[in-house]
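First the structure, in the form of C-alpha cells, and then the observations on it.
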There are 2 protein chains.
Amino acid sequence: MDSISPAEWSVLRIIWTEKHVTARRLIALVSSQHAWSASTVKTLLARLRTKGYVRTLRSDATTSQSPRAWVYEATMSESSVINAQTSDFFSHICAMHQGPALIHLVQTVPLSQKNIRDLQKILEKRAASAPSSVPCDCECGCAQTAETGTNEATQTDEVTSHA
Amino acid sequence: MDSISPAEWSVLRIIWTEKHVTARRLIALVSSQHAWSASTVKTLLARLRTKGYVRTLRSDATTSQSPRAWVYEATMSESSVINAQTSDFFSHICAMHQGPALIHLVQTVPLSQKNIRDLQKILEKRAASAPSSVPCDCECGCAQTAETGTNEATQTDEVTSHA
DNA sequence: CACATTCGTCTACACTTGTCATCGTGGTTA
DNA sequence: TAACCACGATGACAAGTGTAGACGAATGTG
C-alpha cells in the first residue's frame, strides 16, 4: 500500500467524486483549489497511476476538441483507501494513546446523525469485551498502563507542559 | 506545525515514554526496534529538534562514563502532538467521508472501557445538534450529500462530457 | 494532406526523508 | 597531562515529493 502525498490526495478526491474525468476537466477542477500548472497535475496523475490508485480508459465518445481523450478513474473505492491510510497513520501512535486520539477526533470531526448512531452501535458491542485498560506498546521497556484517570493528567507531567 | 515522519515518530514515542533520555539510552532503545545506526538516530534527533518537538537539557549528574551527557525531552505533550497530527491527516479527507473513516477506526483501534464510556458520552452530546447529513466538501462542484442515497450518478454523466 | 491542438511522457530541480560516516570538542581516566 | 571516548554537528547520498517546462504522438479541422 503506497503512501499518498497531500498533493496526490487533492487529485484523488476529485477523481473519486467525478468517477470519470478527463485530464482537461481534472486540471480545471484542481485549479479552483490550487494554483498548480497543468503539468503539475499531470505529474501527480502519473504518480497516482504508478502507485496503482488510478487507471485510464479510452473515452469512446471523442468529444469535439478533445483528441484521444483518456478518462481517469480510481481503481479502489474511496472508503477502502481512506481506511487503509487511516489505519496506517494510526500505526505510528502508541496503542495506549489511540483511544484518546479517537476521542479527539470524535469531538472535532463532522458527524451526521447516522454516523453517530453507527458509532454508538459499535461502541455498545465493543464495550462487552473491552479491556479495562490498553497498555503502552512503545517497546521501550515502559510498563505504563495509564489512562485510568479522568483525563490522563495523573502522572502525566508532560501533558500539562504542552506549549 | 511541522510534519513528523514515520522514523521521527519512532524516536519521539520513546522520548515521551522515557520523559528524559540521553542519546546513549535512546539509541539503545531504538535499536530494539530498528536496525538503525547511532548516527541515524542522532540525525532524527537533530531534525526533531529543529522542528521544535524536542529540546536538550544538561544532565546535572554526570554519570560516570557519560561526559557532558545531554538529556532529551519533548517540548510538547504526546496527546497534543497526536491530536494535531491526527487532525492534519483528516484534513485531507472529504468531510463526507470523515464519519465513515471514524467508524472504521472505532472498529479497529484498541479501546479500554473508559475510552468507550468517554466516546459514548461525547456522542450522546453531539447527537443533540448533529446534522442529518454531512455534505461533500471536495470543492469540485459536486453537490453530493450522499451516504443516504445509493447512487448519486445522476448529473455526473453530463458534467463529465461537457468538457 | 498539412496544422494546430491536446494528451501523456520525459526531464528537471529544490526540498524532505531515510540512512549513515566522519569530525571537532570537551569531559574521563590513567 | 596525555590518551580516550561519547556527544552533537556537519556532510552525504538515494529515494520521495512539490512543481513545472519541453517533447513527441495522436487527432479533428481546413
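Below are the figures for this structure:
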item	result
Condition check for residue B:74: touching a helix residue (DSSP H, G or I) at 6+ places or on another chain (Cβ under 6 Å), more than 10 Å from DNA strand C (Cβ to nearest atom) and more than 30 Å from residue B:137 (Cα to Cα)	yes
Total residues in the range A:33-51, condition in contact with a strand residue (DSSP E or B) (Cβ under 8 Å, 6 or more places away or on another chain) and more than 9 Å from DNA strand C (Cβ to nearest atom)	1
Criterion (among the hydrophobic types (A, V, I, L, M, F, W, C), within 11 Å of DNA strand C (Cβ to nearest atom) and within 13 Å of chain A (Cβ to nearest Cβ)) met by exactly one of B:30, B:21, B:54	B:30
When residues of the range B:36-58 are limited to those that are assigned to a strand (DSSP E or B) and either near DNA strand D (Cβ under 10 Å from one of its atoms) or touching a Lys or Arg at 6+ places or on another chain (Cβ under 7 Å) (or both), the one modelled with the lowest pLDDT	B:58
Options A:112, A:87, A:91: the member that is under 19 Å from residue A:52 (Cβ atoms) and free of Cβ contacts under 8 Å to residues at least 24 places away in the same chain	A:87
Selection within the range A:1-35 - assigned to a helix (DSSP H, G or I), near DNA strand D (Cβ under 6 Å from one of its atoms) and touching a residue at least 12 places away in the same chain (Cβ under 8 Å)	A:7, A:8
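The values are calculated or read from the model by the stated rules, or taken from the named source; none is laboratory data. Computed from a predicted model, the values in this text were never measured in an experiment. All Cβ positions, glycine included, derive from the backbone under ideal geometry; neighbour counts span all protein chains shown.
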